[in-house]
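> Before we start, here is the structure in question, set down as structure tokens.
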Amino acid sequence: AWLTRCPQRFGLVRSGKPRPLLSHAYRVPADFNEQQHHQLELWENFLRHFGLTGTPDFTPILSAIRNPKSEIGLITGSENNPAKRWPVPHWRALIEAFPQQHFVLFGTANDATITREVAVGFPPERVTDLAGQTDLAGFAARLSDCALLVTNDTGGMHLANVLGVPLIALFGPTNPARTGPVFHAPRRLLQPPTGTSLAGLAPPTVIAAVQEQLPLPA
């Protein structure tokens, strides 16, 4: 922003991290524990400091017009942190638990190795692998067709939430209090009972959550 000669450069300033090129700084209060507040709350405080008076609207943008199919979407990858990925055998156990159900695997081209491992051996009428095959608009359109999404903590999780897609989100090393979905659509957040390794989140726990969120023939 400074290099473009933008005359107004707004930003956050945290303790010990001065940002001298900002023209307008919001200093995060010393008693604001970012691990106990959602990131959105921090940004709302930041904007209110500079004059925001409205109230954020958390209504999903498609919830009133969605006409979902019966398929379940799965986001099995996570590009920015491998520790955020539920193990491949766990995903396969989830698919195997619903032999009459159609699953759609989403992801980028970089996730294709993971989705291939998840899908191998399942017939196409059971599992469709779309990793690397959709642009953002196509991804959003196909997500909106899903009756339910089971996902790691990813950007796709947030996209589904803003679209109004019911979701089950799997959190391991990241903090759902800080980065969980915020829009008013059905959502269930699951974490390992001990530690932060997603390997400790057992498939039966996720399977039960799917059955509760969206009754399906097993």
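The values are calculated or read from the model by the stated rules, or taken from the named source; none is laboratory data. All figures in this text were calculated on a predicted structure; none of them were measured in a lab. With ideal geometry, Cβ positions are generated from the backbone for all residues, glycine too; neighbour counts draw on all protein chains shown. Heavy atoms of the whole protein, side chains included, go into the accessibility calculation; ligands, DNA and RNA do not. Shrake-Rupley method; radii C 1.70, N 1.55, O 1.52, S 1.80 Å.
> Residue by residue through the range 81-92, note down the ones that are more than 15 Å from Pro123 (Cα to Cα) and either at pLDDT 95 or above or not in a helix (DSSP H, G or I) (or both).
Listed by number, the residues that qualify are Asn81, Arg85, Trp86, Pro87, Val88, Pro89, His90, Trp91.
> Right, another one. Pairs please, first residue from the range 12-34 and farther than 17 Å from His49 by Cβ, second anywhere and open to solvent by 60 Å² or more (accessible area, probe 1.4 Å) and among the aliphatic types (A, V, I, L, M), Cβ atoms under 8 Å, 6+ apart in sequence or on different chains.
Listed pairs, sorted by first residue: Leu21/Ala1.
> Find the residue count for the range 1-48, including only residues that are open to solvent by 80 Å² or more (accessible area, probe 1.4 Å), assigned to a loop (DSSP other than H, G, I, E, B) and among the charged types (D, E, K, R).
3
> Another question about this same structure. Against the condition within 24 Å of Ile61 (Cα to Cα), within 11 Å of the chain's Cα centre (by Cα) and without any contact (Cβ under 8 Å) to a residue 60 or more places away in the chain, how does Leu189 come out, does it pass? First the steps, then the outcome.
Details: within 24 Å of Ile61 (Cα to Cα): yes; within 11 Å of the chain's Cα centre (by Cα): yes; without any contact (Cβ under 8 Å) to a residue 60 or more places away in the chain: yes.
For Leu189, the condition - within 24 Å of Ile61 (Cα to Cα), within 11 Å of the chain's Cα centre (by Cα) and without any contact (Cβ under 8 Å) to a residue 60 or more places away in the chain - is met.
> Kindly evaluate Phe58 against the criterion of being closer than 19 Å to Ala185 by Cβ, open to solvent by 20 Å² or more (accessible area, probe 1.4 Å) and part of a helix (DSSP H, G or I).
On the way: closer than 19 Å to Ala185 by Cβ: yes; open to solvent by 20 Å² or more (accessible area, probe 1.4 Å): yes; part of a helix (DSSP H, G or I): no.
It is false that Phe58 is closer than 19 Å to Ala185 by Cβ, open to solvent by 20 Å² or more (accessible area, probe 1.4 Å) and part of a helix (DSSP H, G or I).
> I would also like to ask the following. Could you check the range 73-107 and list, in sequence order, the residues that are β-branched (Val, Ile, Thr) and over 15 Å from Leu170 (Cα atoms)?
Those that are β-branched (Val, Ile, Thr) and over 15 Å from Leu170 (Cα atoms): Ile95, Val104.
> Return the total of residues in the range 93-145 being in a loop (DSSP other than H, G, I, E, B), surrounded by fewer than 20 Cβ atoms within 10 Å (Cβ to Cβ) and in contact (Cβ under 8 Å) with a residue 40 or more places away in the chain.
Within the range 93-145, residues that are in a loop (DSSP other than H, G, I, E, B), surrounded by fewer than 20 Cβ atoms within 10 Å (Cβ to Cβ) and in contact (Cβ under 8 Å) with a residue 40 or more places away in the chain number 5.
Conditions tested, residue by residue: (1) surrounded by fewer than 17 Cβ atoms within 10 Å (Cβ to Cβ); (2) outside any helix (DSSP H, G or I).
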| site | (1), (2) |
| --- | --- |
| Met157 | no, no |
| Ala160 | no, no |
| Pro173 | yes, yes |
| Arg178 | yes, no |
| Phe183 | no, yes |
| Leu189 | yes, yes |
| Pro204 | yes, no |
| Ala208 | yes, no |
| Glu212 | yes, no |
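> Exactly one condition in (1) more than 25 Å from Gln191 (Cα to Cα); (2) of a type in the set (Asp, Glu); (3) in contact with a His (Cβ under 9 Å, 6 or more places away or on another chain) is not met by Glu71; state its number.
For Glu71, the exception is condition (1).
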